[in-house]
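Report on one structure; see the data block that follows.
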Amino acid sequence: MNKRIIITASILGMLAVVTGAFGAHGLKALITAPQLEVWHTAVQYQFYHVFALLFLSTFGRFKNSTIVASFYFFTFGIALFSGSLYLMSCKDILGLSSNAIKIIGPVTPIGGLLFILGWLTLAFAALRHK
């Protein structure tokens, strides 16, 4: 699992750098300042949880179902939370309808909930570790 976590964190970290640079340089003239703030928030939370994934990889010496759960919670949290914010910040460029936004909007807090569950399961893993 350690290798899978590191590879996942590496790919998501690389994508965070790419999306951050794209937001700062490519999107600056195309979206509004509030939309750019939303983009920036997505990048920040992606980076925070990439670091959380890297920390999880330090638990790789033992098989622990709570570490596996944290891995999935953080990974899917990034996809749902940051992914939905990326889409919503580019809604005008992508031509997303208000119906699409109504679907994408509720995905963000689900991703946030997954982040919370990831941190909670990480705490449980630390408590269980001897």
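Can you tell which of 74, 59, 81 is crowded, with 18+ Cβ neighbours inside 10 Å, in contact with a Pro (Cβ under 9 Å, 6 or more places away or on another chain) and among the hydrophobic types (A, V, I, L, M, F, W, C)?
Unique residue meeting the criteria: 81.
Filter the range 121-130 down to the residues that are surrounded by fewer than 14 Cβ atoms within 10 Å (Cβ to Cβ) and either part of a helix (DSSP H, G or I) or not basic (Lys, Arg) (or both) and list them by number.
Result: 123, 126, 127, 128, 129.
Starting from the range 53-64, take each residue that is more than 12 Å from residue 10 (Cα to Cα) and of a type in the set (S, T, N, Q) and list its partners that are surrounded by 15 or more Cβ atoms within 10 Å (Cβ to Cβ) and at pLDDT 65 or above, counting only C-beta distances under 8 angstrom and pairs at least six apart or across chains.
Short answer, once both residue conditions are applied: 64/125.
Would you check which residues across the range 6-31 are touching a residue at least 12 places away in the same chain (Cβ under 8 Å) and closer than 15 Å to residue 85 by Cα and list them?
Residues satisfying the conditions are 15, 16, 19, 20, 23, 27, 31.
Across the range 90-102, which residue is nearest to the chain's Cα centre (by Cα) among those that are part of a helix (DSSP H, G or I) and under 15 Å from residue 27 (Cβ atoms)?
The qualifying residue nearest to the chain's Cα centre (by Cα) is 91.
Here's the yes/no breakdown for (1) part of a helix (DSSP H, G or I); (2) within 18 Å of residue 4 (Cβ to Cβ); (3) out of contact with any Phe, Trp or Tyr (no Cβ under 8 Å at 6 or more places or on another chain):
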site	(1), (2), (3)
17	yes, no, yes
29	no, no, yes
49	yes, yes, no
81	yes, no, no
84	yes, no, yes
88	yes, no, yes
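Could you check residue 108 against (1) within 12 Å of the chain's Cα centre (by Cα); (2) exposed (fewer than 12 other Cβ atoms within 10 Å of the Cβ); (3) hydroxyl-bearing (Ser, Thr, Tyr) and say which number it fails?
Going through (1) within 12 Å of the chain's Cα centre (by Cα); (2) exposed (fewer than 12 other Cβ atoms within 10 Å of the Cβ); (3) hydroxyl-bearing (Ser, Thr, Tyr) one by one, residue 108 breaks only (2).
Looking only at residues that are under 14 Å from residue 35 (Cα atoms) and of a type in the set (Val, Ile, Thr) in the range 86-107, which one is modelled with the highest pLDDT?
Here the residue is 93.
Looking at 117, 54, which one is farther than 21 Å from residue 37 by Cα, touching a Phe, Trp or Tyr at 6+ places or on another chain (Cβ under 8 Å) and surrounded by 12 or more Cβ atoms within 10 Å (Cβ to Cβ)?
The unique qualifying residue is 117.
The values are calculated or read from the model by the stated rules, or taken from the named source; none is laboratory data. If you're wondering where the values come from, they're calculated on a predicted model, not measured in any experiment. No Cβ is skipped: glycine too gets one built from the backbone with ideal geometry, and neighbour counts run over all protein chains shown.
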